Amino acid sequence: MSLIYVLNGPNLNLLGKRQPHIYGHETLADVEADCRRVALEFGHGIRFHQSNREYEIIDWIHEAHEDAAGIVINPAAFTHTSVAILDALNAFAPPVIEVHISNVHKRESFRHHSFVSHRADGVIAGLGTEGYQLAIRRIVSLTKPPA
Ligand code: CA2
């Protein structure tokens, strides 16, 4: 079973517990369950992680080199600050889809720039936590051999 990594950055452990007007009512555990269900439909497994520490996210991207079909990443605030995460993703060949729960372009101007978008094959923003499921479907279609 090939694996899709789903990586989540700082504070996303608070999902569903604070600021539901911005990020909705689903918890990160709900998002993980949704991701597993969708991936399984296509015969994929999921490695699902969240960290408040930049180096842990970088280490998981390195680990994904070994066995991942693709990466879905919501880098959270590291989106707007981290050249280190961009560098790690640049060294990873399979598809990368960047997800934001909120529409970052409707928010403060400092959220309009993403380092990760320089590498991402696709970006989803403002579709709520459903964006994760759509990102997994996109990874599957990008990795499927042509019929
Ligand atoms: O919209 C997104 O998914 C973001 O990546 C979320 C980040 C933010 O810094 C980005 O600009 C956009 C913030 C994640 C914080 O998550 C929380 C969830 C619930 C309550 C508090 C924080």
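Listing for the model above:
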read-out	value
Test: Gly43 is at positive phi, at pLDDT 95 or above and either out of contact with any strand residue (DSSP E or B) (no Cβ under 6 Å at 6 or more places or on another chain) or assigned to a strand (DSSP E or B) (or both)	yes
Selected residue (criterion: nearest to Lys144 (Cα to Cα)) from residues of the range 1-28 that are assigned to a loop (DSSP other than H, G, I, E, B), among the polar types (S, T, N, Q) and near the ligand (Cβ under 9 Å from one of its atoms)	Asn11
Test: Ile136 is closer than 19 Å to Val31 by Cα, in contact (Cβ under 8 Å) with a residue 12 or more places away in the chain, within 15 Å of the ligand (Cβ to nearest atom) and within 15 Å of the chain's Cα centre (by Cα)	no
Given (1) hydrophobic (A, V, I, L, M, F, W, C); (2) more than 27 Å from His113 (Cβ to Cβ); (3) surrounded by fewer than 20 Cβ atoms within 10 Å (Cβ to Cβ), index of the condition Ala39 fails	(3)
Yes/no for Ile101 being within 16 Å of the ligand (Cβ to nearest atom), crowded, with 22+ Cβ neighbours inside 10 Å and of a type outside the set (D, E, K, R)	yes
Any hit, the range 51-68, residues being assigned to a loop (DSSP other than H, G, I, E, B), surrounded by fewer than 13 Cβ atoms within 10 Å (Cβ to Cβ) and not small (Gly, Ala, Ser)	yes
Condition met for Val72 (in contact with a helix residue (DSSP H, G or I) (Cβ under 8 Å, 6 or more places away or on another chain), within 16 Å of the ligand (Cβ to nearest atom), on the phi < 0 side of the Ramachandran plot and assigned to a strand (DSSP E or B))	yes
Hey, Ile58 aliphatic (A, V, I, L, M), closer than 17 Å to Val99 by Cβ and in contact (Cβ under 8 Å) with a residue 12 or more places away in the chain or not	no
Residue in the range 81-95 that is surrounded by fewer than 18 Cβ atoms within 10 Å (Cβ to Cβ), within 14 Å of the ligand (Cβ to nearest atom), within 21 Å of Tyr132 (Cβ to Cβ) and small (Gly, Ala, Ser) present	no
Options Val31, Val38: the member that is within 13 Å of the ligand (Cβ to nearest atom) and either part of a helix (DSSP H, G or I) or over 18 Å from Ala135 (Cα atoms) (or both)	Val31
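Per-residue answers, yes or no, for (1) free of Cβ contacts under 8 Å to residues at least 60 places away in the same chain; (2) within 20 Å of Lys17 (Cα to Cα):
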residue	(1), (2)
Leu28	yes, yes
Glu32	yes, yes
Gly70	no, no
Ile73	no, no
Val99	yes, yes
Arg111	yes, no
Gly122	yes, no
Gly131	yes, yes
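The values are calculated or read from the model by the stated rules, or taken from the named source; none is laboratory data. All of these numbers come straight from a predicted model, not from anything done at the bench. Please note: Cβ atoms are built from the backbone with ideal geometry, for glycine as well, and neighbour counts cover all protein chains shown.
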